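J.: First, the structure itself, so that you have it in front of you.
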Amino acid sequence: VTSTERDARWLVGTSGLDALEACVRLLAAGRDELGVATGLRRQGLDAGRASLLLDVALARRRMQKDHPHDVDLVFTRSALEQASHPVVAAWRARRGATATERWDLCAGAGRDALALARHGRVVAVEADPVRVVLLAHNARVRGLEIDARLGDALQVRPPSHAHVHADPSRREGGRRLRALSTLVPPVDRLISAHGTVRSLGIALPPALALDDPILVGGEVEFVQVGGRLVEAALWLGDARHGGRIASATILSGSGDVADVVTRGRTDRTESLEVGALAGLIVEPAPAAIRARIHHELGREIGARRVDERRALLTVDTLPPASPWYRARRIEATFPPRPKAIRAWLRRHDDLPVEIRLHGVDADPESWWRRLGSPPRGPGGRHVELVRTSTGVRVLITVPTA
Ligand SMILES: C[S@@+](CC[C@H](N)C(=O)[O-])C[C@H]1O[C@@H](n2cnc3c(N)ncnc32)[C@H](O)[C@@H]1O
(Lines give C-alpha, C1' and ligand atoms only; values in the text may rest on other atoms or scores of the structure.)
Protein backbone atom coordinates (compact mmCIF):
# COMPACT_ATOMS: atom_id res chain seq x y z
CA VAL A 1 0.00 0.00 0.00
CA THR A 2 1.54 3.31 -1.08
CA SER A 3 1.27 6.42 1.06
CA THR A 4 -1.05 8.09 -1.46
CA GLU A 5 -3.33 5.08 -1.36
CA ARG A 6 -3.29 5.21 2.45
CA ASP A 7 -4.16 8.91 2.26
CA ALA A 8 -7.04 8.13 -0.08
CA ARG A 9 -8.38 5.51 2.34
CA TRP A 10 -8.16 8.02 5.17
CA LEU A 11 -9.96 10.60 3.03
CA VAL A 12 -13.00 8.37 2.43
CA GLY A 13 -13.21 7.46 6.14
CA THR A 14 -15.25 9.46 8.65
CA SER A 15 -12.55 11.90 9.72
CA GLY A 16 -11.39 12.49 6.15
CA LEU A 17 -14.92 13.20 4.92
CA ASP A 18 -15.54 15.57 7.85
CA ALA A 19 -12.30 17.39 7.01
CA LEU A 20 -13.37 17.50 3.35
CA GLU A 21 -16.68 19.16 4.19
CA ALA A 22 -14.92 21.73 6.36
CA CYS A 23 -12.48 22.42 3.54
CA VAL A 24 -15.26 22.87 0.95
CA ARG A 25 -17.06 25.27 3.32
CA LEU A 26 -13.94 27.39 3.72
CA LEU A 27 -13.43 27.57 -0.04
CA ALA A 28 -17.11 28.44 -0.53
CA ALA A 29 -16.71 31.23 2.01
CA GLY A 30 -13.98 32.73 -0.15
CA ARG A 31 -10.85 31.49 1.65
CA ASP A 32 -8.02 31.07 -0.88
CA GLU A 33 -6.25 27.77 -1.54
CA LEU A 34 -3.08 28.75 0.22
CA GLY A 35 -4.97 29.81 3.34
CA VAL A 36 -6.88 26.51 3.43
CA ALA A 37 -3.66 24.50 2.91
CA THR A 38 -1.87 26.38 5.68
CA GLY A 39 -4.82 25.83 8.03
CA LEU A 40 -4.76 22.08 7.33
CA ARG A 41 -1.03 21.84 8.05
CA ARG A 42 -1.54 23.81 11.27
CA GLN A 43 -4.14 21.26 12.39
CA GLY A 44 -1.34 18.72 12.18
CA LEU A 45 -2.32 17.06 8.89
CA ASP A 46 0.71 15.70 7.00
CA ALA A 47 1.59 17.13 3.59
CA GLY A 48 0.20 14.18 1.59
CA ARG A 49 -3.22 14.21 3.25
CA ALA A 50 -3.44 18.01 3.16
CA SER A 51 -2.73 18.20 -0.57
CA LEU A 52 -5.14 15.34 -1.43
CA LEU A 53 -7.84 16.94 0.70
CA LEU A 54 -7.43 20.32 -0.95
CA ASP A 55 -7.38 18.73 -4.39
CA VAL A 56 -10.64 16.83 -3.73
CA ALA A 57 -12.23 19.91 -2.16
CA LEU A 58 -11.41 21.98 -5.25
CA ALA A 59 -12.84 19.25 -7.49
CA ARG A 60 -16.02 19.29 -5.42
CA ARG A 61 -16.29 23.06 -5.78
CA ARG A 62 -16.10 22.61 -9.54
CA MET A 63 -18.77 19.92 -9.37
CA GLN A 64 -21.07 22.19 -7.38
CA LYS A 65 -20.93 24.53 -10.35
CA ASP A 66 -20.93 22.15 -13.31
CA HIS A 67 -22.67 18.97 -12.14
CA PRO A 68 -24.51 19.62 -8.86
CA HIS A 69 -26.06 16.11 -9.01
CA ASP A 70 -22.62 14.69 -8.34
CA VAL A 71 -21.47 16.66 -5.29
CA ASP A 72 -21.84 13.58 -3.11
CA LEU A 73 -19.00 11.92 -5.07
CA VAL A 74 -15.27 12.12 -4.40
CA PHE A 75 -12.98 12.96 -7.32
CA THR A 76 -9.52 14.49 -7.56
CA ARG A 77 -9.29 17.38 -10.01
CA SER A 78 -7.45 15.29 -12.60
CA ALA A 79 -9.92 12.38 -12.24
CA LEU A 80 -12.77 14.86 -12.71
CA GLU A 81 -11.14 16.44 -15.74
CA GLN A 82 -10.80 13.01 -17.34
CA ALA A 83 -14.26 11.85 -16.31
CA SER A 84 -16.99 11.42 -18.90
CA HIS A 85 -19.81 13.96 -19.03
CA PRO A 86 -22.51 12.47 -16.74
CA VAL A 87 -25.22 12.65 -19.38
CA VAL A 88 -22.94 10.96 -21.92
CA ALA A 89 -22.01 8.28 -19.36
CA ALA A 90 -25.70 7.57 -18.73
CA TRP A 91 -26.35 7.37 -22.47
CA ARG A 92 -23.39 5.09 -23.22
CA ALA A 93 -24.28 2.80 -20.30
CA ARG A 94 -27.58 1.93 -21.98
CA ARG A 95 -25.74 -0.28 -24.47
CA GLY A 96 -24.68 -2.47 -21.56
CA ALA A 97 -28.16 -2.56 -20.01
CA THR A 98 -29.19 -6.04 -21.11
CA ALA A 99 -25.84 -7.79 -20.64
CA THR A 100 -25.58 -10.36 -17.88
CA GLU A 101 -22.27 -8.87 -16.76
CA ARG A 102 -20.67 -5.46 -17.19
CA TRP A 103 -16.97 -4.50 -17.00
CA ASP A 104 -15.61 -0.97 -17.03
CA LEU A 105 -11.92 -0.75 -17.93
CA CYS A 106 -9.84 2.38 -17.24
CA ALA A 107 -12.58 3.31 -14.81
CA GLY A 108 -10.99 6.39 -13.13
CA ALA A 109 -12.99 7.53 -10.11
CA GLY A 110 -16.05 6.06 -11.75
CA ARG A 111 -18.40 8.25 -13.83
CA ASP A 112 -18.97 5.52 -16.40
CA ALA A 113 -18.85 2.69 -13.87
CA LEU A 114 -21.56 4.37 -11.78
CA ALA A 115 -23.75 4.86 -14.85
CA LEU A 116 -23.24 1.22 -15.91
CA ALA A 117 -23.96 -0.02 -12.38
CA ARG A 118 -27.46 1.41 -12.57
CA HIS A 119 -28.18 -1.49 -14.92
CA GLY A 120 -26.58 -4.15 -12.69
CA ARG A 121 -23.32 -5.24 -11.10
CA VAL A 122 -20.06 -3.89 -12.57
CA VAL A 123 -16.45 -5.00 -12.35
CA ALA A 124 -14.32 -1.84 -12.63
CA VAL A 125 -10.60 -1.99 -13.42
CA GLU A 126 -8.28 0.97 -12.89
CA ALA A 127 -4.48 1.27 -12.83
CA ASP A 128 -4.24 4.15 -10.35
CA PRO A 129 -4.63 2.94 -6.74
CA VAL A 130 -5.97 6.29 -5.46
CA ARG A 131 -8.73 6.27 -8.07
CA VAL A 132 -9.66 2.69 -7.18
CA VAL A 133 -10.23 3.80 -3.57
CA LEU A 134 -12.31 6.80 -4.67
CA LEU A 135 -14.33 4.66 -7.07
CA ALA A 136 -15.15 2.07 -4.39
CA HIS A 137 -16.23 4.91 -2.10
CA ASN A 138 -18.38 6.52 -4.82
CA ALA A 139 -20.13 3.18 -5.42
CA ARG A 140 -20.91 2.90 -1.68
CA VAL A 141 -22.25 6.47 -1.61
CA ARG A 142 -24.66 5.65 -4.43
CA GLY A 143 -25.53 2.20 -3.07
CA LEU A 144 -24.38 0.58 -6.32
CA GLU A 145 -22.68 -2.77 -6.71
CA ILE A 146 -19.21 -2.17 -8.16
CA ASP A 147 -16.26 -4.47 -7.66
CA ALA A 148 -13.41 -1.91 -7.94
CA ARG A 149 -10.12 -3.60 -8.81
CA LEU A 150 -6.59 -2.33 -9.20
CA GLY A 151 -5.35 -3.75 -12.50
CA ASP A 152 -4.25 -3.38 -16.10
CA ALA A 153 -7.01 -3.11 -18.68
CA LEU A 154 -4.89 -5.06 -21.16
CA GLN A 155 -4.24 -7.95 -18.78
CA VAL A 156 -7.68 -8.63 -17.30
CA ARG A 157 -9.90 -11.20 -18.98
CA PRO A 158 -13.63 -10.45 -18.73
CA PRO A 159 -15.79 -13.47 -19.61
CA SER A 160 -16.86 -13.71 -23.25
CA HIS A 161 -20.53 -13.03 -22.44
CA ALA A 162 -19.70 -9.67 -20.78
CA HIS A 163 -20.38 -6.14 -21.98
CA VAL A 164 -17.02 -4.38 -21.75
CA HIS A 165 -16.67 -0.60 -21.72
CA ALA A 166 -13.24 1.07 -21.80
CA ASP A 167 -12.26 4.73 -21.56
CA PRO A 168 -8.53 5.08 -22.29
CA SER A 169 -6.70 8.25 -21.19
CA ARG A 170 -6.41 11.08 -23.68
CA ARG A 171 -3.82 13.11 -21.81
CA GLU A 172 -0.21 12.35 -21.15
CA GLY A 173 1.84 14.99 -19.39
CA GLY A 174 -0.77 17.65 -20.16
CA ARG A 175 -0.76 16.95 -23.92
CA ARG A 176 -4.04 15.96 -25.51
CA LEU A 177 -3.69 12.72 -27.41
CA ARG A 178 -5.70 12.35 -30.60
CA ALA A 179 -4.34 9.45 -32.62
CA LEU A 180 -6.15 6.33 -31.45
CA SER A 181 -2.94 4.30 -31.21
CA THR A 182 -1.46 6.88 -28.82
CA LEU A 183 -4.23 6.77 -26.22
CA VAL A 184 -3.33 5.06 -22.94
CA PRO A 185 -3.80 2.18 -23.36
CA PRO A 186 -3.82 2.27 -27.19
CA VAL A 187 -7.21 1.56 -28.80
CA ASP A 188 -5.82 -1.12 -31.14
CA ARG A 189 -4.41 -3.01 -28.16
CA LEU A 190 -7.72 -2.75 -26.28
CA ILE A 191 -9.46 -4.19 -29.35
CA SER A 192 -7.01 -7.07 -29.70
CA ALA A 193 -7.31 -7.85 -25.99
CA HIS A 194 -11.13 -7.63 -25.80
CA GLY A 195 -12.47 -7.70 -29.36
CA THR A 196 -13.95 -11.17 -28.89
CA VAL A 197 -16.28 -10.38 -25.98
CA ARG A 198 -19.96 -10.28 -26.87
CA SER A 199 -20.28 -6.53 -26.59
CA LEU A 200 -17.53 -3.88 -26.52
CA GLY A 201 -17.61 -0.09 -26.31
CA ILE A 202 -14.58 2.22 -26.27
CA ALA A 203 -14.91 5.92 -25.43
CA LEU A 204 -12.87 8.06 -27.85
CA PRO A 205 -11.95 11.69 -28.48
CA PRO A 206 -14.40 13.28 -30.95
CA ALA A 207 -11.52 14.64 -33.05
CA LEU A 208 -10.80 11.13 -34.36
CA ALA A 209 -10.65 10.47 -38.12
CA LEU A 210 -13.62 8.36 -39.19
CA ASP A 211 -11.50 6.56 -41.80
CA ASP A 212 -8.89 5.43 -39.23
CA PRO A 213 -8.35 1.71 -40.03
CA ILE A 214 -8.56 0.91 -36.29
CA LEU A 215 -12.29 1.67 -36.48
CA VAL A 216 -13.13 -0.75 -39.31
CA GLY A 217 -15.90 -3.23 -38.47
CA GLY A 218 -17.45 -1.08 -35.77
CA GLU A 219 -20.01 1.69 -35.31
CA VAL A 220 -18.47 5.06 -34.54
CA GLU A 221 -20.86 7.24 -32.58
CA PHE A 222 -20.40 11.02 -32.23
CA VAL A 223 -22.17 12.55 -29.26
CA GLN A 224 -23.25 16.14 -28.70
CA VAL A 225 -24.49 17.61 -25.44
CA GLY A 226 -26.68 20.48 -26.55
CA GLY A 227 -24.84 22.16 -29.43
CA ARG A 228 -21.39 20.96 -28.41
CA LEU A 229 -19.66 17.86 -29.75
CA VAL A 230 -18.16 16.24 -26.63
CA GLU A 231 -17.45 12.55 -27.15
CA ALA A 232 -17.18 9.70 -29.58
CA ALA A 233 -17.34 5.96 -29.03
CA LEU A 234 -16.57 2.81 -30.98
CA TRP A 235 -19.12 0.01 -30.62
CA LEU A 236 -18.32 -3.58 -31.56
CA GLY A 237 -20.15 -6.91 -31.34
CA ASP A 238 -23.67 -6.76 -29.89
CA ALA A 239 -23.04 -3.18 -28.76
CA ARG A 240 -23.01 -2.15 -32.44
CA HIS A 241 -26.55 -1.36 -33.58
CA GLY A 242 -27.90 -2.92 -36.76
CA GLY A 243 -24.74 -3.02 -38.85
CA ARG A 244 -24.19 0.71 -38.55
CA ILE A 245 -20.85 2.20 -39.48
CA ALA A 246 -21.51 5.59 -37.92
CA SER A 247 -24.09 7.35 -35.82
CA ALA A 248 -24.81 10.75 -34.32
CA THR A 249 -26.53 11.52 -31.03
CA ILE A 250 -27.70 14.77 -29.49
CA LEU A 251 -28.34 14.73 -25.74
CA SER A 252 -29.86 17.51 -23.72
CA GLY A 253 -30.67 17.92 -20.06
CA SER A 254 -28.58 17.19 -17.03
CA GLY A 255 -28.12 14.37 -14.56
CA ASP A 256 -29.52 11.34 -16.32
CA VAL A 257 -30.36 11.37 -20.03
CA ALA A 258 -33.27 13.79 -20.30
CA ASP A 259 -33.80 14.05 -24.01
CA VAL A 260 -32.14 12.29 -26.91
CA VAL A 261 -32.22 12.15 -30.68
CA THR A 262 -30.01 9.65 -32.43
CA ARG A 263 -29.61 8.28 -35.95
CA GLY A 264 -27.15 6.07 -37.74
CA ARG A 265 -26.06 5.05 -41.21
CA THR A 266 -25.21 1.63 -42.53
CA ASP A 267 -23.96 2.40 -46.02
CA ARG A 268 -20.97 4.27 -47.34
CA THR A 269 -22.66 6.23 -50.11
CA GLU A 270 -22.17 9.92 -49.72
CA SER A 271 -23.81 11.19 -52.81
CA LEU A 272 -25.67 14.40 -52.08
CA GLU A 273 -25.27 16.57 -55.14
CA VAL A 274 -23.44 19.88 -55.12
CA GLY A 275 -25.37 22.83 -56.51
CA ALA A 276 -25.81 26.57 -56.70
CA LEU A 277 -26.74 28.63 -53.64
CA ALA A 278 -30.50 28.80 -53.03
CA GLY A 279 -32.48 31.02 -50.63
CA LEU A 280 -31.33 29.38 -47.40
CA ILE A 281 -28.24 27.78 -46.01
CA VAL A 282 -28.52 24.86 -43.62
CA GLU A 283 -25.79 23.95 -41.19
CA PRO A 284 -26.02 20.35 -39.94
CA ALA A 285 -25.31 19.56 -36.26
CA PRO A 286 -21.60 18.82 -35.60
CA ALA A 287 -22.26 15.19 -34.62
CA ALA A 288 -24.16 14.64 -37.88
CA ILE A 289 -21.31 16.17 -39.88
CA ARG A 290 -18.66 14.07 -38.12
CA ALA A 291 -20.71 10.89 -38.68
CA ARG A 292 -21.20 12.06 -42.30
CA ILE A 293 -24.95 11.83 -41.93
CA HIS A 294 -25.41 15.24 -43.55
CA HIS A 295 -25.86 13.67 -47.01
CA GLU A 296 -28.91 11.76 -45.81
CA LEU A 297 -30.22 14.75 -43.85
CA GLY A 298 -29.83 16.93 -46.92
CA ARG A 299 -31.74 14.46 -49.09
CA GLU A 300 -34.61 14.43 -46.59
CA ILE A 301 -35.08 18.19 -46.84
CA GLY A 302 -34.37 18.47 -50.56
CA ALA A 303 -31.08 20.31 -50.04
CA ARG A 304 -27.85 20.38 -52.05
CA ARG A 305 -24.30 20.76 -50.86
CA VAL A 306 -22.63 24.10 -51.37
CA ASP A 307 -19.22 22.55 -52.01
CA GLU A 308 -17.75 19.08 -52.53
CA ARG A 309 -15.56 19.28 -49.41
CA ARG A 310 -17.96 20.97 -47.01
CA ALA A 311 -21.06 19.89 -45.07
CA LEU A 312 -22.87 23.20 -45.56
CA LEU A 313 -26.19 22.71 -47.36
CA THR A 314 -28.45 25.00 -49.35
CA VAL A 315 -32.19 24.74 -49.95
CA ASP A 316 -35.07 26.82 -51.36
CA THR A 317 -37.85 26.12 -48.87
CA LEU A 318 -37.54 26.37 -45.12
CA PRO A 319 -37.18 22.83 -43.73
CA PRO A 320 -39.10 21.79 -40.59
CA ALA A 321 -37.46 22.74 -37.28
CA SER A 322 -35.05 20.04 -36.16
CA PRO A 323 -32.21 19.51 -33.69
CA TRP A 324 -30.20 18.11 -36.63
CA TYR A 325 -29.59 21.43 -38.37
CA ARG A 326 -29.97 25.20 -38.25
CA ALA A 327 -31.26 27.11 -41.23
CA ARG A 328 -30.47 30.73 -42.07
CA ARG A 329 -32.06 32.88 -44.71
CA ILE A 330 -29.72 34.53 -47.22
CA GLU A 331 -30.41 38.28 -47.38
CA ALA A 332 -27.66 39.14 -49.85
CA THR A 333 -24.75 37.51 -51.72
CA PHE A 334 -21.50 39.17 -52.73
CA PRO A 335 -18.16 38.34 -54.29
CA PRO A 336 -15.43 38.42 -51.63
CA ARG A 337 -14.84 42.18 -51.79
CA PRO A 338 -15.60 44.18 -48.64
CA LYS A 339 -16.58 47.49 -50.23
CA ALA A 340 -20.05 46.52 -51.51
CA ILE A 341 -20.78 44.55 -48.34
CA ARG A 342 -19.85 47.52 -46.20
CA ALA A 343 -22.19 49.73 -48.20
CA TRP A 344 -25.00 47.14 -47.87
CA LEU A 345 -24.54 46.96 -44.09
CA ARG A 346 -24.60 50.79 -43.88
CA ARG A 347 -27.89 50.91 -45.79
CA HIS A 348 -29.52 48.44 -43.36
CA ASP A 349 -30.35 48.62 -39.67
CA ASP A 350 -27.39 48.07 -37.39
CA LEU A 351 -28.07 44.56 -36.10
CA PRO A 352 -24.92 43.07 -34.56
CA VAL A 353 -22.78 41.08 -36.97
CA GLU A 354 -20.88 37.80 -36.57
CA ILE A 355 -18.29 36.73 -39.13
CA ARG A 356 -18.26 33.02 -39.96
CA LEU A 357 -15.90 31.04 -42.21
CA HIS A 358 -16.83 27.91 -44.18
CA GLY A 359 -13.74 26.40 -45.77
CA VAL A 360 -12.23 29.82 -46.40
CA ASP A 361 -8.84 30.75 -45.03
CA ALA A 362 -9.32 34.34 -43.88
CA ASP A 363 -8.83 36.49 -40.81
CA PRO A 364 -12.27 37.40 -39.35
CA GLU A 365 -10.76 40.32 -37.41
CA SER A 366 -9.36 42.03 -40.49
CA TRP A 367 -12.61 41.33 -42.42
CA TRP A 368 -14.57 42.95 -39.63
CA ARG A 369 -12.38 46.06 -39.87
CA ARG A 370 -12.69 46.14 -43.65
CA LEU A 371 -16.48 46.02 -43.22
CA GLY A 372 -16.29 49.30 -41.29
CA SER A 373 -16.16 47.75 -37.78
CA PRO A 374 -19.96 47.24 -37.45
CA PRO A 375 -21.43 46.31 -34.01
CA ARG A 376 -20.50 42.74 -33.17
CA GLY A 377 -22.26 39.99 -31.27
CA PRO A 378 -24.75 37.13 -31.42
CA GLY A 379 -28.44 37.36 -32.26
CA GLY A 380 -28.04 39.48 -35.39
CA ARG A 381 -26.68 38.90 -38.90
CA HIS A 382 -23.96 36.55 -39.99
CA VAL A 383 -21.47 37.58 -42.61
CA GLU A 384 -20.46 34.17 -43.93
CA LEU A 385 -17.45 33.57 -46.14
CA VAL A 386 -18.38 30.40 -47.97
CA ARG A 387 -16.36 28.23 -50.32
CA THR A 388 -18.79 27.18 -53.08
CA SER A 389 -18.25 25.04 -56.15
CA THR A 390 -17.85 28.23 -58.16
CA GLY A 391 -15.54 30.12 -55.83
CA VAL A 392 -15.78 32.11 -52.60
CA ARG A 393 -19.05 33.98 -51.91
CA VAL A 394 -19.90 36.23 -48.99
CA LEU A 395 -23.43 35.73 -47.67
CA ILE A 396 -25.35 37.93 -45.31
CA THR A 397 -27.73 35.70 -43.41
CA VAL A 398 -30.28 35.87 -40.60
CA PRO A 399 -31.65 33.03 -38.43
CA THR A 400 -35.01 31.59 -39.46
CA ALA A 401 -36.39 31.03 -35.96
C1 LIG B 1 -10.33 8.89 -19.18
S2 LIG B 1 -9.94 8.22 -17.61
C3 LIG B 1 -11.39 7.34 -17.20
C4 LIG B 1 -12.52 8.18 -16.71
C5 LIG B 1 -13.75 7.42 -16.31
N6 LIG B 1 -14.35 6.70 -17.43
C7 LIG B 1 -14.79 8.35 -15.73
O8 LIG B 1 -15.75 8.68 -16.46
O9 LIG B 1 -14.64 8.76 -14.57
C10 LIG B 1 -8.80 6.95 -18.03
C11 LIG B 1 -8.28 6.14 -16.87
O12 LIG B 1 -7.53 5.04 -17.38
C13 LIG B 1 -6.56 4.71 -16.43
N14 LIG B 1 -5.61 3.82 -17.12
C15 LIG B 1 -4.62 4.15 -18.00
N16 LIG B 1 -4.02 3.04 -18.45
C17 LIG B 1 -4.62 1.98 -17.84
C18 LIG B 1 -4.46 0.58 -17.91
N19 LIG B 1 -3.54 0.02 -18.70
N20 LIG B 1 -5.27 -0.19 -17.16
C21 LIG B 1 -6.22 0.35 -16.36
N22 LIG B 1 -6.43 1.68 -16.27
C23 LIG B 1 -5.65 2.48 -16.99
C24 LIG B 1 -6.04 6.05 -15.98
O25 LIG B 1 -5.43 5.94 -14.70
C26 LIG B 1 -7.34 6.87 -15.94
O27 LIG B 1 -7.90 6.89 -14.65
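The values are calculated or read from the model by the stated rules, or taken from the named source; none is laboratory data. Because the structure is predicted, anything quoted here is derived from the model rather than measured. Every residue, glycine among them, receives a Cβ derived from its backbone with ideal geometry; neighbour counts consider all protein chains shown. The protein model used for the area step is the full one, side chains on, heavy atoms only, and it has no ligands, DNA or RNA in it. Shrake-Rupley method; radii C 1.70, N 1.55, O 1.52, S 1.80 Å.
J.: Pairs please, first residue from segment 376-401 and at negative phi and part of a strand (DSSP E or B), second anywhere and open to solvent by 20 Å² or more (accessible area, probe 1.4 Å) and among the polar types (S, T, N, Q), Cβ atoms under 7 Å, 6+ apart in sequence or on different chains.
T.: What qualifies is ARG393/THR333; LEU395/THR333.
J.: Also, quick follow-up: Among (1) over 28 Å from HIS241 (Cβ atoms); (2) modelled with pLDDT under 95; (3) open to solvent by 30 Å² or more (accessible area, probe 1.4 Å); (4) within 16 Å of the ligand (Cβ to nearest atom), where does ARG62 come up short?
T.: Failed condition: (2).
J.: Given the conditions (1) at pLDDT 95 or above; (2) over 16 Å from GLU5 (Cβ atoms), report the number of the one that VAL130 does not fulfil.
T.: (2) is the only condition that VAL130 fails.
J.: Here are some conditions: (1) over 20 Å from HIS163 (Cβ atoms); (2) open to solvent by 30 Å² or more (accessible area, probe 1.4 Å). LEU134 meets all but one. Which one does it not meet?
T.: Only one criterion is unmet by LEU134, namely (2).
J.: Let me ask something additional. Among the candidates SER160, SER169, single out the residue that is hydroxyl-bearing (Ser, Thr, Tyr) and either more than 12 Å from the ligand (Cβ to nearest atom) or over 28 Å from TRP10 (Cβ atoms) (or both). Steps first, answer last, please.
T.: Values: SER169 fails: either more than 12 Å from the ligand (Cβ to nearest atom) or over 28 Å from TRP10 (Cβ atoms) (or both).
Only one candidate qualifies: SER160.
J.: Which condition from (1) in contact with a Leu (Cβ under 8 Å, 6 or more places away or on another chain); (2) basic (Lys, Arg); (3) surrounded by fewer than 16 Cβ atoms within 10 Å (Cβ to Cβ) is the one that ARG49 breaks?
T.: (3)
J.: Kindly list the number of the only condition in (1) open to solvent by less than 10 Å² (accessible area, probe 1.4 Å); (2) within 16 Å of the ligand (Cβ to nearest atom) that fails for VAL36.
T.: (2)
J.: Yes or no: segment 326-333 includes at least one residue that is part of a strand (DSSP E or B), surrounded by 14 or more Cβ atoms within 10 Å (Cβ to Cβ) and without any contact (Cβ under 8 Å) to a residue 40 or more places away in the chain.
T.: Looking through segment 326-333, none of the residues is part of a strand (DSSP E or B), surrounded by 14 or more Cβ atoms within 10 Å (Cβ to Cβ) and without any contact (Cβ under 8 Å) to a residue 40 or more places away in the chain.
J.: Does GLU308 meet the test of being of a type in the set (Asp, Glu), surrounded by fewer than 19 Cβ atoms within 10 Å (Cβ to Cβ) and assigned to a loop (DSSP other than H, G, I, E, B)? Before you say what the answer is, go through the steps one by one.
T.: Values: of a type in the set (Asp, Glu): yes; surrounded by fewer than 19 Cβ atoms within 10 Å (Cβ to Cβ): yes; assigned to a loop (DSSP other than H, G, I, E, B): yes.
So GLU308 fits the description; yes.
J.: Anything in segment 257-297 that is loosely packed, with under 14 Cβ neighbours inside 10 Å and either assigned to a loop (DSSP other than H, G, I, E, B) or hydroxyl-bearing (Ser, Thr, Tyr) (or both)? List them, or say none.
T.: ALA258, THR266, ASP267, ARG268, THR269, GLU270, SER271, GLU273, ALA276, GLY279 - these are the residues of segment 257-297 that are loosely packed, with under 14 Cβ neighbours inside 10 Å and either assigned to a loop (DSSP other than H, G, I, E, B) or hydroxyl-bearing (Ser, Thr, Tyr) (or both).
J.: Take the residues in segment 373-385 that are over 32 Å from the mean Cα position of the chain (by Cα) and open to solvent by 40 Å² or more (accessible area, probe 1.4 Å), then tell me which one is nearest to PRO336 (Cα to Cα). It would help to see each step written out before you state the result.
T.: Taking segment 373-385 as the starting set, the residues that turn out to be over 32 Å from the mean Cα position of the chain (by Cα) are 373-375.
Now restrict to residues that are open to solvent by 40 Å² or more (accessible area, probe 1.4 Å): 373, 375.
Numbers: SER373: 17, PRO375: 20 Å.
Looking at the filtered set, the residue picked out is SER373.
J.: Identify, from the list ALA89, ALA93, the residue that is in a helix (DSSP H, G or I), buried (at least 16 other Cβ atoms within 10 Å of the Cβ) and in contact with a strand residue (DSSP E or B) (Cβ under 8 Å, 6 or more places away or on another chain).
T.: Numbers: ALA89 fails: in contact with a strand residue (DSSP E or B) (Cβ under 8 Å, 6 or more places away or on another chain).
After ruling out the rest, the residue left standing is ALA93.
J.: Next question. What are the residue pairs meeting all of these: first residue in segment 148-165, first residue more than 20 Å from ALA115 (Cα to Cα), second residue more than 8 Å from the ligand (Cβ to nearest atom) and aromatic (Phe, Trp, Tyr), Cβ atoms under 9 Å, and 6 or more apart or on different chains?
T.: VAL156/TRP103; PRO159/TRP103
J.: Does ARG142 fit the bill of being more than 10 Å from the ligand (Cβ to nearest atom), buried (at least 18 other Cβ atoms within 10 Å of the Cβ) and of a type outside the set (Asp, Glu)? Steps first, please.
T.: Values: more than 10 Å from the ligand (Cβ to nearest atom): yes; buried (at least 18 other Cβ atoms within 10 Å of the Cβ): no; of a type outside the set (Asp, Glu): yes.
So ARG142 does not fit the description; no.
Rundown of residues vs (1) outside any loop (DSSP other than H, G, I, E, B); (2) at pLDDT 90 or above, yes/no style:
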site	(1), (2)
VAL156	no, yes
HIS165	yes, yes
ASP188	yes, yes
ILE191	yes, yes
THR196	no, yes
GLY201	yes, yes
LEU208	no, yes
ASP211	no, no
ILE214	yes, yes
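J.: If ASP211 meets every condition in (1) more than 16 Å from the ligand (Cβ to nearest atom); (2) surrounded by 15 or more Cβ atoms within 10 Å (Cβ to Cβ); (3) among the acidic types (Asp, Glu); (4) within 22 Å of the chain's Cα centre (by Cα) apart from one, which number is that one?
T.: Among (1) more than 16 Å from the ligand (Cβ to nearest atom); (2) surrounded by 15 or more Cβ atoms within 10 Å (Cβ to Cβ); (3) among the acidic types (Asp, Glu); (4) within 22 Å of the chain's Cα centre (by Cα), the lone unmet condition for ASP211 is (2).
J.: Continuing with this model, one more query. Can you tell me which residue within segment 343-372, out of those that are part of a loop (DSSP other than H, G, I, E, B) and more than 22 Å from ASP307 (Cα to Cα), is least open to solvent (accessible area, probe 1.4 Å)?
T.: Let us first name the residues in segment 343-372 that are part of a loop (DSSP other than H, G, I, E, B), namely 348-352, 359-363, 371-372.
Now restrict to residues that are more than 22 Å from ASP307 (Cα to Cα): 348-352, 371-372.
Values: HIS348: 67, ASP349: 94, ASP350: 123, LEU351: 68, PRO352: 37, LEU371: 6, GLY372: 40 Å².
Within segment 343-372, the match that is least open to solvent (accessible area, probe 1.4 Å) is LEU371.
J.: Pick out the one residue from ARG111, ARG102 that is more than 8 Å from the ligand (Cβ to nearest atom) and not polar (S, T, N, Q).
T.: Values: ARG111 fails: more than 8 Å from the ligand (Cβ to nearest atom).
Of ARG111, ARG102, the one residue that is more than 8 Å from the ligand (Cβ to nearest atom) and not polar (S, T, N, Q) is ARG102.
J.: If I filter segment 76-90 down to residues being touching a helix residue (DSSP H, G or I) at 6+ places or on another chain (Cβ under 7 Å) and in contact (Cβ under 8 Å) with a residue 60 or more places away in the chain, which single residue comes out as farthest from the ligand (Cβ to nearest atom)?
T.: Here is the first cut: in segment 76-90, the residues touching a helix residue (DSSP H, G or I) at 6+ places or on another chain (Cβ under 7 Å) are 76-77, 79-80, 83-84, 86, 89-90.
Within this subset, residues satisfying the condition of being in contact (Cβ under 8 Å) with a residue 60 or more places away in the chain are 84, 86, 90.
Details: SER84: 4, PRO86: 9, ALA90: 11 Å.
Residue satisfying both the conditions and the ranking: ALA90.
J.: Does ALA117 meet the test of being within 12 Å of the ligand (Cβ to nearest atom) and either at pLDDT 95 or above or at positive phi (or both)?
T.: Values: within 12 Å of the ligand (Cβ to nearest atom): no; either at pLDDT 95 or above or at positive phi (or both): yes.
Spelling it out, it is not the case that ALA117 is within 12 Å of the ligand (Cβ to nearest atom) and either at pLDDT 95 or above or at positive phi (or both).
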